[in-house]
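Here the structure comes first, spelled out in structure tokens, and everything after it is commentary.
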Amino acid sequence: MSAMLEVKDLVVSYGKIKAVKGISFSVDEGEVVSLIGTNGAGKTTTLRTISGLLRPVSGSIVFKGADLTTVPAHDIVQLGLAHSPEGRRIFPKLTVEENLLLGAFSRKDKGIRGDLEAAYDLFPILQERRTQPAGTFSGGEQQMLAMGRAMMSRPKMLMLDEPSMGLSPLMMKRIMTTVSTLQAQGTTILLVEQNAQAALKRATKGYVLEVGRIVLSGTGRELLESDDVRKAYLGED
Amino acid sequence: MEFAQQLVNGLTLGSLYALIAVGYTVVYGIIQLINFAHGEIFMIGAFGALSTWLVFFNGNTSVWVLPIMIIGAIASSVIVAVLMERVAYRPLRSAPRLAPLITAIGISVFLQELVRLGYNNPLLFLSTWNPFDFPSAKQKVPFPQIDVVTGAAFNVGGVVIQRSTIFTIGALIICAAGLFYFVSRTRTGRAMQAVSQDPDTARLMGINVDRIIIVAFVIGATLAAVAGVAQGLQITNINFKMGFLAGLKAFTAAVLGGIGNVWGAVLGGLTLGLVESMAVQFIPGTFGGSPWKDVWAFAILILVLVFRPQGLLGAKVVDRA
Ligand SMILES: Nc1ncnc2c1ncn2[C@@H]1O[C@H](COP(=O)(O)OP(=O)(O)OP(=O)(O)O)[C@@H](O)[C@H]1O
Ligand SMILES: [Mg+2]
């Protein structure tokens, strides 16, 4: 069986600066794959390249058999790949409901209303605030909205860029539980995190990125137990 | 009484500015470009209406002709605006800010000259072919005076209300209502707001940003075309330079209201029109009267830029990353 997402020898640069220096990884259907690494490792760059917002210098990105490197960014979500970006990036002047509906922009089917209800079931606070501008929300609420918005496209695979960034431990737990819920509901997940503990605990597979290269990979458990990861990311020595 | 009269005059002028100002502000809101050629889109609209009349209805001034003239105006403005975006601005999308700005000024001059030299001579130096006998646009061209809309003025308790005033203010009300509906209630309108707030994330939602940019140009051109017709009806003639000062004033109105904010453009337009009219009437001595009205208009702009740079309705501009 071939992987749902297969990234091979990906190189991405900003002008002369190489941010991603030839990485390969894959995500199979039903998995939660974690990509961890410190600041500036190239995690966001990788996700933005998969989504078509950046174009690679070389390498390939194949999602469900389609080469994404030539697909315009706005056509990628339609293929079943959603991206909840770093910093949440909700539309601040639009209401919660408008944000969610924009998540379903690529769809024309009749199921959008039903999925709106599903998003509200997943995060009841969003329903309470459905007519409020999203810019007034706390970080945790914005993260829930960003995830709900991404799910509104009914993705086969969801990419999350640091969903726990800046959240309280409680809220972080909430978000991570949701990741497991979404997986159980059949969504494949590529999770980018600095919080290695939380990300690896749930991961079927993990990759450690350091200055543009993958330096370690294995199952979530293997990485959690590896000395290198414990030293570098879990503050143990 | 004088006050009421100037109120009417100011609102008329202001409605015209507002209709044009929306075009500056929607385009700026999406791509942060001051489209200095937008005044010419207004001028093209006026000539488009005239051309429609000359081709299909020459001599006929019945009121039912007017809607078709408006459609002709909108079609002309929209076609020119979309071509302008495609040919001149899109290739410069990732160029430094100054490049599209200078290009805009170039297009502005180009369109003026094109109308001046080519209106009655569309093939220019190749031939003198002029199938519909269009007049030369090197000087003022009379604009058709349509029944009902341009007849005798109404007098309401001493205040003179021209019929073209009613047309202009009515046009603004209809356009503003349509725009409100479009922006806040339609799928494409929501997508437009999303692009103006965060273009990259909008693309992640599946929104084609190039298409939204075209929509912004189409909206601006549509309202400018309506303004072009209103102007023609009001002052009974049009000319190839009419977009210059009107464009500059409308741009001022857009900045006054807060550039990027559609309602700011409407408010800014009306405010500017009122300031001009009131200044003409109520500022005594040397600095009053109509020769000084443009000075007051731009004085307002400078005051706003100094004390409230984000404009009347603009949010504080946070430096965009
Ligand atoms: N727009 C940009 N222009 C130039 N360099 C950039 C740009 N964005 C990122 N970089 C550089 O590319 C490298 C990778 O950045 P990236 O944002 O992908 O890292 P990251 O792993 O997501 O980090 P973080 O955990 O801080 O979000 C960094 O060295 C960064 O400075
Ligand atoms: Mg990042």
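The values are calculated or read from the model by the stated rules, or taken from the named source; none is laboratory data. These figures come from a predicted structure and were not determined experimentally. Note that each Cβ is placed from the backbone with ideal geometry, even for glycine, and that neighbours are counted across all protein chains shown. We work out accessible area using only protein heavy atoms, side chains counted, and drop any ligands, DNA or RNA first. Shrake-Rupley method; radii C 1.70, N 1.55, O 1.52, S 1.80 Å.
Simple spin-label model, 7 Å along Cα-to-Cβ: A:Asp109 to A:Glu225 in nm?
In this crude spin-label approximation the distance works out to 4.1 nm.
Using a 1.4 angstrom probe, figure out how much accessible area chain B has per residue, in square angstrom, rounded to the nearest whole.
Details: 14430 Å² over 321 residues.
For chain B, the per-residue accessible area is 45 Å².
Whole-Hz Karplus ³J(HN,Hα) for the stretch A:153-161, in order, using 6.51 cos²θ - 1.76 cosθ + 1.60 and θ = phi - 60°, x for Gly and Pro?
Whole-Hz 3J(HN,Hα) from phi for the stretch A:153-161: 8, 6, x, 7, 9, 10, 9, 10, 9.
What does the average come to when, for each residue of peptide A:180-188, you count the partner chain Cβ atoms lying within 10 Å of its Cβ?
Working: counts 0, 0, 0, 0, 0, 0, 0, 0, 0.
Mean partner-chain Cβ count within 10 Å for A:180-188: 0.
Counting Lys +1, Arg +1, Asp -1, Glu -1, what net charge surrounds A:Val12 among other residues with beta carbon under 9 Å of its beta carbon?
Details: positive: A:Lys18, A:Lys21, A:Arg48, A:Arg55; negative: none.
Around A:Val12, the charge tally is +4.
For an R0 of 60 angstrom, estimate the FRET efficiency from the Cβ-Cβ distance between B:Trp64 and A:Glu117 and round to the nearest 0.05. Mind dumping the intermediate values first?
Details: r = 50 Å, r/R0 = 0.83.
The calculated FRET efficiency here is 0.75.
As I understand it, the value is the acute angle between the Cα axis of helix A:139-151 and the longest principal axis of the Cα atoms of chain A; what does it come to in degrees, rounded to 10?
Between the helix axis and the principal axis of chain A, the angle is about 90 degrees.
How big is the A-B contact in terms of buried accessible area, both chains counted, 1.4 Å probe, rounded to the nearest 100 Å²? Mind dumping the intermediate values first?
Details: alone 11210 and 15470 Å², together 24680 Å².
That pair hides around 2000 Å² of surface in total.
In the full protein assembly as shown, how much of B:Trp53 is accessible to a 1.4 Å probe, in Å² to the nearest 10?
Here the residue's solvent-accessible area equals roughly 30 Å².
Kindly report, to the nearest 10 Å², the accessible surface of A:Asp75 as traced by a 1.4 Å probe over protein heavy atoms only.
60
I'd like the carbon and sulfur percentage of the solvent accessible area for the stretch A:82-237, probe radius 1.4 Å, heavy atoms only, ligands and nucleic acids excluded. Walk me through the intermediate numbers first.
Working: 3430 of 6880 Å².
After summing per-atom areas, the C and S share lands at 50 percent.
At a Cα cut-off below 16 Å, give the lysines reachable from A:Lys43, other chains included and same-chain residues fewer than 8 away excluded.
Reachable lysines: A:Lys8, A:Lys18, A:Lys21, A:Lys205.
Could you work out the mean count of beta carbons from other protein chains within 10 Å of each residue's beta carbon in A:50-57?
Working: counts 0, 3, 2, 5, 1, 0, 0, 0.
Whole-number average of other-chain Cβ neighbours for A:50-57 is 1.
Kindly tabulate the residues in the stretch A:71-98 with an accessible-area decrease of at least 50 Å² between the chain alone and the assembly of all protein chains, using a probe of 1.4 Å.
Listed by number, the residues meeting the 50 Å² cut-off are A:His74, A:Arg89, A:Phe91, A:Leu94.
Kindly write out, for the stretch B:9-22 in residue order, the coupling ³J(HN,Hα) from the Karplus curve 6.51 cos²θ - 1.76 cosθ + 1.60 (θ = phi - 60°), rounded to whole Hz, with x marking Gly and Pro.
Result, rounded to whole Hz: 4, x, 5, 5, 4, x, 5, 4, 4, 4, 4, 6, 4, 4.
Using +1 on the beta carbon of Lys and Arg, -1 on that of Asp and Glu, and nothing else charged, what's the dipole of the protein assembly as shown about the Cα centre, debye to 20? Let's see the in-between values first.
Values: 48 positive and 38 negative charges, 69 e Å.
In total the dipole reaches around 340 debye.
What's the long-distance tail for the stretch B:16-242, i.e. % of Cα pairs beyond 32 Å? Spell out each step's value before the answer.
Details: 6237 of 25651 pairs.
Of all Cα-Cα pairs in the stretch B:16-242, 24 percent lie more than 32 Å apart.
By the scheme Lys and Arg +1, Asp and Glu -1, what is the net charge of all other residues having a beta-carbon under 13 Å from that of B:Thr12?
On the way: positive: B:Arg163; negative: B:Glu276.
In short, 0.
So if R0 is 41 Å, what FRET efficiency would B:Val295 and B:Phe182 give, r being the distance between their Cβ atoms, rounded to the nearest 0.05? List each step's numbers first, then the result.
On the way: r = 36 Å, r/R0 = 0.89.
Calculated transfer efficiency: 0.65.
Short version: ³J(HN,Hα) in whole Hz for each residue of the stretch B:70-79, in order, from phi by Karplus 6.51 cos²θ - 1.76 cosθ + 1.60 (θ = phi - 60°), x for Gly and Pro, what are they?
Ordered by residue, 3J(HN,Hα) equals 5, 4, x, 4, 4, 4, 4, 4, 5, 4 Hz.
Heavy atoms only, 1.4 Å probe, whole protein assembly: order B:Ile71, B:Ile161, B:Ile166 by accessible area, highest first.
Working: B:Ile71 115, B:Ile161 40, B:Ile166 90 Å².
Output order, biggest surface exposure first: B:Ile71, B:Ile166, B:Ile161.
Quick query: amide H of A:Gly218 versus all other amide H atoms, modeled in the peptide plane; which residues come in under 5 Å with a sequence gap of 5 or more or a different chain?
Those lying under 5 Å, H to H, from A:Gly218 are A:Gly206.
Would you report the distance distribution of C-alpha pairs in the stretch A:1-142 as whole percents per 10 angstrom bin, up to the bin with the largest distance?
P(r) over the stretch A:1-142, rounded to whole percents: 10, 33, 33, 21, 3.
Inside 10 Å of the C-beta atoms of A:104-115, what's the mean count of C-beta atoms belonging to other chains? Please report the intermediate quantities before stating the final value.
Working: counts 3, 11, 4, 1, 1, 0, 0, 0, 0, 0, 0, 0.
Counting Cβ atoms of other protein chains within 10 Å of each residue's Cβ and averaging gives 2.
Would you mind telling me which residue in A:Leu101, A:Leu53, A:Leu182 has the biggest mean-square fluctuation in a Gaussian network model of chain A, where springs connect alpha carbons within a distance under 10 angstrom?
Comparing A:Leu101, A:Leu53, A:Leu182 in the GNM, the peak value goes to A:Leu53.
What number comes out for accessible area per residue over the stretch A:5-233 if the probe is 1.4 Å? Units Å², please. Write down the numbers at each step before the final one.
Numbers: 9570 Å² over 229 residues.
Ligands and nucleic acids excluded, the figure is 42 Å² per residue.
Assign one of three labels to the protein assembly as shown, namely rounded, prolate or oblate, based on the Cα gyration tensor with a ≥ b ≥ c the square roots of its eigenvalues; rounded applies when a/c is under 1.5, prolate when it is not and a/b is larger than b/c, and oblate otherwise. Intermediate results must be reported in sequence, preceding the final value.
Values: a/c = 2.64, a/b = 2.22, b/c = 1.19.
Taking the square roots of the gyration eigenvalues as a ≥ b ≥ c, the protein assembly as shown is prolate.
If you take the square roots of the eigenvalues of the alpha-carbon gyration tensor of the stretch B:140-265 and sort them as a ≥ b ≥ c, do you get rounded (a/c under 1.5), prolate (a/b over b/c) or oblate?
On the way: a/c = 2.54, a/b = 2.13, b/c = 1.19.
Note, shape of the stretch B:140-265 comes out prolate.
Treating only the Cβ atoms of Lys and Arg (+1) and Asp and Glu (-1) as charged, compute the dipole magnitude of the stretch A:5-233 about its Cα centre; round to the nearest 20 debye.
Magnitude of the dipole: close to 380 debye.
Mean-square fluctuation check for chain A, GNM, Cα pairs under 10 Å: which of A:Gly15, A:Gly111, A:Gly30 is largest?
A:Gly15
For a test of the definition: using alpha carbon positions, the gyration tensor, and the 1.5 limit on a/c, classify the stretch B:12-83 as rounded, prolate or oblate.
Prolate shape, in that a/c is at least 1.5 and a/b is the bigger ratio.
How much net charge surrounds A:Met165 when only the other residues with a Cβ under 9 Å from the Cβ of A:Met165 are counted, with Lys and Arg +1 and Asp and Glu -1?
Working: positive: A:Arg88; negative: A:Glu86, A:Asp161, A:Glu162, A:Glu193.
Once positives and negatives cancel, what remains is -3.
Estimate the FRET efficiency between A:Asp67 and A:Glu29 by the formula 1/(1 + (r/R0)^6), using the beta-carbon distance for r and 22 Å for R0, to the nearest 0.05.
Working: r = 18 Å, r/R0 = 0.84.
The pair A:Asp67/A:Glu29 has a calculated efficiency of 0.75.
Over the stretch B:16-242, with every protein chain in place, what whole percent of the accessible area is carbon and sulfur at 1.4 Å, could you tell me? Don't jump to the answer; show the numbers that get you there.
Details: 6450 of 9620 Å².
About 67 percent, which is the carbon plus sulfur part of the accessible surface.
What are the residues whose amide H is under 5 Å from the amide H of A:Thr95, where those residues sit 5 or more places off or on another chain and H is modelled from the backbone?
A:Ala134
Size of the dipole of chain B about the Cα centre, Lys and Arg at +1 and Asp and Glu at -1 on the beta carbon, nothing else charged, in debye to 20?
Details: 19 positive and 12 negative charges, 108 e Å.
That gives a dipole near 520 debye.
Given the -39500 (n - 2.57) contribution per DSSP H run of 4+ residues, what per-residue ellipticity at 222 nm results for chain A, rounded to the nearest 500 deg cm²/dmol?
Details: 10 runs with 84 residues, N = 237.
Taken over chain A, the calculation gives -9500 deg cm²/dmol.
Putting +1 on Lys and Arg Cβ atoms and -1 on Asp and Glu Cβ atoms, find which of B:Gly59, B:Gly311, B:Asn239 reaches farthest to the positive end of the dipole of chain B.
Result: B:Gly311, furthest along the dipole toward the positive end.
Just to verify a number: what accessible area does B:Leu16 come out at with the full protein assembly present, 1.4 Å probe, Å² rounded to tens?
10
Tell me which chymotrypsin sites (Phe, Trp or Tyr not before Pro) from the stretch B:57-116 have a DSSP coil assignment and no more than 15 other beta carbons within 10 Å of their own. Mind showing how you got there, number by number?
Details: sites: B:Phe57, B:Trp64, B:Tyr89, B:Phe110; in loops: B:Trp64.
Answer in residue order: B:Trp64.
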